[in-house]
Amino acid sequence: MISAGNHGATQAGIGMIEVLVAIVITAFAMFALIGTQTLALRYQKTAHLRATASQFSADLADRVRANIRGTDSGAYNLSQQAYPAVDESAPSCSDFAGCTPQELAANDIQEWRTGLGDAMAGGWGEITGSLADGFTVKVYFLDPPASDAEPDPVAKNCEPSAADPVLHKDVMCLASAFFP
């Protein structure tokens, strides 16, 4: 005997609900990956800027060590430094062998700051200290993504700094100290 209307329901394929759920899960995973990639690129840029600032700090330290007479006379201890002004002019001596230690120091700082400005957006630097107490080099640069973050402990070494934190919110600082 055959009974009519009593057929067992079997599913022959994937239902529309399962497909939609799979698409939603995949979309959330893709958004998470995009966010992670964006964050990684932001940190990579900041790390590159800090590495460049560190290289420029080491460059100025080498220049100071090479001109020990200028260091002893205080030619590298500049006063009235303000970001982003570069108002020191290069020395007028054309041959470095004929330069005084003070002129050589002024030339070193002018070349260093020019290089900083060319290498990094908003690149600028200052140096303070003495032969007996050591020197502190502060390198300033623009880093808009980092301005949203908590202040960096290294950047706190830059206070009080040449860059006004109210006027220059995107300016970050890397401070390093050395003895000649």
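The values are calculated or read from the model by the stated rules, or taken from the named source; none is laboratory data. This structure is a prediction, so every number in the text was calculated from the model and none was measured. When we count neighbours, we look across all protein chains shown, and the Cβ atoms used for this are built from the backbone with ideal geometry, even at glycine. Accessible surface areas use protein heavy atoms only, side chains included; no ligands, DNA or RNA. Shrake-Rupley method; radii C 1.70, N 1.55, O 1.52, S 1.80 Å.
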>> Under a crude label model (7 Å from the Cα following the beta-carbon direction), how far is VAL19 from GLN44 in nanometres?
In response: 3.7 nm
> So what does CYS99 come to for accessible area, using a 1.4 Å probe and Å² rounded to 10?
Replying inline: 20 Å²
